[in-house]
Amino acid sequence: MTDLPKTKPDRIAFSRALKNHVAVIYPDVDGDILVSQIIDAFWPEGRARRKRARTPGNGMWSQGDALLITYGNSLVDGKHKPLDLLNDFLRRYMKGTVNGVHVLPFFPFTSDDGFAVTDFRAVNPQLGDWSDINRIADEFKLMSDLVLNHVSSQGQWFNAYRQGQAPYDRFFFEASPEDDLDMVVRPRTTPLLQEVETSNGPRHVWCTFSHDQIDLDFRNPEVLLEFLRIIRLHVDNGVQIIRLDAVAFLWKQAGSPSIHLPQTHEVVKLIRTLCNFAVEPVILLTETNVPKAENLSYFGKRDEAHVIYNFPLPPLILHAMMSGTASHLVKWQRSMPPAPLGCAYLNFTASHDGIGMRPAEGLLSEQDQSAVIDTVRKIGGLVSMRTLPDGAEAPYELNTTFFDAMSQTFEGPDDLKLERFICSQTIVMSLEGIPAFYIHSLLATPNDHDSVEKRGMNRAINRHRWDYSALRARLAQEDTDQFYVMQHLRDRLKLRQKQSAFHPNATQFTINTLDDRVFGLWRQSLDRKQSIFALHNVSGQAVTLPETSLNLIADEDWTDLLSGAAVTMGEVTLAPYQCMWISNAA
């Protein structure tokens, strides 16, 4: 049995914290025994750990942090391992621009582009192996996916379940069609339960997402222990950020919505406690694509996620750029609390999934949402639906690359797509939090309709696989969208790294005295030495702001960091989709 931390006060606090978590999650289990099993799972073979828990603070990230989001095979050439190509791309184009990379599920899988995992302990041989993952982790902060809600129906675990083999015979959540399941919240339209044959007769298993993704039963503590061992394996292979995929659905209960249940939050708290005592720096990121209050709840009381996605950003920025007004973006941002001490937001406009519409609930009216949806359809985008408790359907996400989504506004197409897109990404860089960029945003990738047709899934539109040689050629040609976007975003990210006012936890106020066409923020460094007025014209018209709009201190010199131009105390004019970072410390 592994010893507890040896400093007596911390030993007691550590033990008490774990026992408290266990008492909430598993009240009928011997707490002392399970706590010992948890410690042995996370620190096998007497691994070293901290004697004292990490104190929450703002030192786990800085303005130098930015993430790239990518699949392991977003770049291919038919000759080299995709992870080798990704490694080359990161070093050739991203070094000094981003310092972290989220490699989407790189495990063997059967569907959902990696999110129906068959083996959490192996790297998909079609991508590479653990040595390739290690090389990326040597140079970049690596994020991996802990797909802890479900596994593949064709994986070893579920096959063993069907054959009645312990311990897997109790790994999956069973229910009955007679159960009260009307309240269950889920993001799909397929039937929730799937009947399967087992050695013990027919069973109905729970499938939140698809019938190839069978939900695990965390009421069995052996499931939790297995995932703690998996986290340890990933940390030992250089992973520094653990993304808890679809964590909101982890705990199920008939007669309830089966989302955000107390036991789910307690599991996150338990994992956070373990991370607090890990020698290695481990950051927990929760993936909860839900409305604002539900999403914010995963900060807990600074005892759950270190980082949460800022999910309302994609639909709100999309609406602002299409409508030419930042009013909804301003209203939302004014109501957002700063991240608690030791916590941060992850800001983005695009990911491997679509642009979620659930986070827009209560922020955009039905009329505004309809206008966005109609415009996305006009540029060739798609819409995925979800089933409501009453059986009706509602838009769940918009499927399009964000680059192509900038092709036109509510007024129709124009020739300002590139300027509009760069503005949208600059907003992400300016906000409180850590910026993250999907590879297809950095590469100005258009919608991939061929992949949708070939693969039969809407999300394939945003999951193009670039031929690496062809991509490199485009990145070298100054007249291509790829060259233009990569150059502008790299330049701005490198400039951002030098600004202490862009620390993820630096002070932020939303400026609400501007023209509705301008989204403005005031950022101030933690030491109060630097201020930045970040202005973003989300419209296709030039906008002049009067001197009274900004609180520029008269006896300081102010410079627009993006253009290098001095800014006086008079009017400020922004060209269509122009951004300005007006700072007193150039």
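The values are calculated or read from the model by the stated rules, or taken from the named source; none is laboratory data. Please read these numbers as outputs of a predicted model, since none were measured by experiment. Note that we place each Cβ from the backbone using ideal geometry, even for glycine, and neighbour counts take in every protein chain shown.
Would you confirm, using the coordinates I've provided, whether Val29 is part of a loop (DSSP other than H, G, I, E, B), touching a helix residue (DSSP H, G or I) at 6+ places or on another chain (Cβ under 9 Å) and modelled with pLDDT of 90 or more? So Val29 fits the description; yes. If you filter segment 316-326 down to residues that are touching a Lys or Arg at 6+ places or on another chain (Cβ under 9 Å) and over 17 Å from Leu418 (Cα atoms), you find that the one that is surrounded by the fewest Cβ atoms within 10 Å (Cβ to Cβ) is Thr325.
If the condition is being within 23 Å of the chain's Cα centre (by Cα) and either of a type in the set (Gly, Ala, Ser) or not in a helix (DSSP H, G or I) (or both), then segment 126-136 contributes only Leu127. Restricting segment 384-412 to residues that are farther than 15 Å from Ala371 by Cα and acidic (Asp, Glu) leaves a set whose member that is modelled with the lowest pLDDT is Asp390.
Every residue, every condition in (1) touching a Pro at 6+ places or on another chain (Cβ under 7 Å); (2) surrounded by fewer than 22 Cβ atoms within 10 Å (Cβ to Cβ); (3) assigned to a loop (DSSP other than H, G, I, E, B), yes or no:
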{"site": "Gly59", "(1), (2), (3)": "no, yes, yes"}
{"site": "Ser62", "(1), (2), (3)": "no, yes, yes"}
{"site": "Leu68", "(1), (2), (3)": "no, no, no"}
{"site": "His80", "(1), (2), (3)": "no, yes, yes"}
{"site": "Asp84", "(1), (2), (3)": "no, yes, no"}
{"site": "Arg91", "(1), (2), (3)": "no, yes, no"}
{"site": "Asn124", "(1), (2), (3)": "yes, yes, yes"}
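Here Arg91 meets the list (1) within 21 Å of the chain's Cα centre (by Cα); (2) under 22 Å from Leu68 (Cα atoms) almost entirely, failing just condition (1). Checked against (1) more than 28 Å from the chain's Cα centre (by Cα); (2) in the same structural domain as Leu418 (by TED's automatic domain parsing), Thr513 meets all criteria but (2).
In segment 134-171, of all residues being in contact with a His (Cβ under 9 Å, 6 or more places away or on another chain) and either over 22 Å from Arg203 (Cβ atoms) or of a type in the set (Phe, Trp, Tyr) (or both), the one that is surrounded by the most Cβ atoms within 10 Å (Cβ to Cβ) corresponds to Ser144. In this structure, Lys529 does not satisfy being exposed (fewer than 14 other Cβ atoms within 10 Å of the Cβ), more than 16 Å from Tyr577 (Cβ to Cβ) and under 26 Å from the mean Cα position of the chain (by Cα).
Per-residue answers, yes or no, for (1) touching a Phe, Trp or Tyr at 6+ places or on another chain (Cβ under 8 Å); (2) touching a residue at least 12 places away in the same chain (Cβ under 8 Å); (3) not assigned by TED's automatic domain parsing to the domain that holds Asn347; (4) not hydroxyl-bearing (Ser, Thr, Tyr):
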position	(1), (2), (3), (4)
Met406	yes, yes, no, yes
Phe410	no, yes, no, yes
Ile422	yes, yes, no, yes
Met429	yes, yes, no, yes
His440	yes, yes, no, yes
Thr445	yes, yes, no, no
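Inspection of segment 327-335 finds a residue satisfying the criterion of being among the hydroxyl-bearing types (Ser, Thr, Tyr) and over 20 Å from the mean Cα position of the chain (by Cα). If you go through segment 103-122 and pick out every residue that is assigned to a helix (DSSP H, G or I) and surrounded by fewer than 19 Cβ atoms within 10 Å (Cβ to Cβ), you end up with 2. Looking only at segment 161-209, residues that are touching an Asp or Glu at 6+ places or on another chain (Cβ under 9 Å) and assigned to a strand (DSSP E or B) come to 9 in all.
Candidates are the residues of segment 269-289 that are assigned to a loop (DSSP other than H, G, I, E, B) and either within 12 Å of the chain's Cα centre (by Cα) or acidic (Asp, Glu) (or both); the one that is surrounded by the fewest Cβ atoms within 10 Å (Cβ to Cβ) is Glu280. Applying the condition of being hydroxyl-bearing (Ser, Thr, Tyr) and assigned to a helix (DSSP H, G or I) to segment 381-427 and asking which residue is surrounded by the fewest Cβ atoms within 10 Å (Cβ to Cβ) yields Thr426. Of the residues making up segment 347-376, those that are acidic (Asp, Glu) and in a helix (DSSP H, G or I) are Glu366, Asp368, Asp374.
Checked against the criterion of being surrounded by fewer than 20 Cβ atoms within 10 Å (Cβ to Cβ), without any contact (Cβ under 8 Å) to a residue 24 or more places away in the chain and either under 20 Å from Tyr26 (Cα atoms) or assigned by TED's automatic domain parsing to the domain that holds Phe14 (or both), segment 243-265 contains one or more residues that satisfy it. Taking each residue of segment 505-516 that is over 16 Å from Ile532 (Cα atoms) and looking for partners that are part of a loop (DSSP other than H, G, I, E, B) and of a type outside the set (Lys, Arg) with beta-carbon atoms closer than 7 Å, six or more apart or interchain, yields Asp516/Thr325; Asp516/Ala326.
Within segment 38-49, being modelled with pLDDT under 90 and part of a loop (DSSP other than H, G, I, E, B) holds for Arg47, Ala48.
So the check is Cβ under 8 Å with 6+ separation or different chains; which pairs have a first residue in segment 282-305 that's among the hydroxyl-bearing types (Ser, Thr, Tyr) and a second one that's modelled with pLDDT under 95? Sorted first by the residue in segment 282-305, then by its partner, the pairs are Thr288/Glu294; Thr288/Asn295; Thr288/Phe311; Tyr298/Thr288. Residues that are polar (S, T, N, Q) and assigned to a loop (DSSP other than H, G, I, E, B) were ranked within segment 306-346; the one that is farthest from Pro413 (Cα to Cα) is Asn310. (1) more than 20 Å from the chain's Cα centre (by Cα); (2) closer than 21 Å to Leu562 by Cα; (3) at pLDDT 95 or above; (4) buried (at least 16 other Cβ atoms within 10 Å of the Cβ): which one isn't true of Leu489, the others all being true? Unmet condition: (1). Taken together, Leu574, Leu545, Leu561 contain a single residue that is outside the structural domain of Asp491 (by TED's automatic domain parsing), farther than 15 Å from Cys423 by Cβ and in contact (Cβ under 8 Å) with a residue 40 or more places away in the chain, which is Leu561. Selection over segment 428-451 of residues that are under 16 Å from the mean Cα position of the chain (by Cα) and in a loop (DSSP other than H, G, I, E, B) gives a count of 3.
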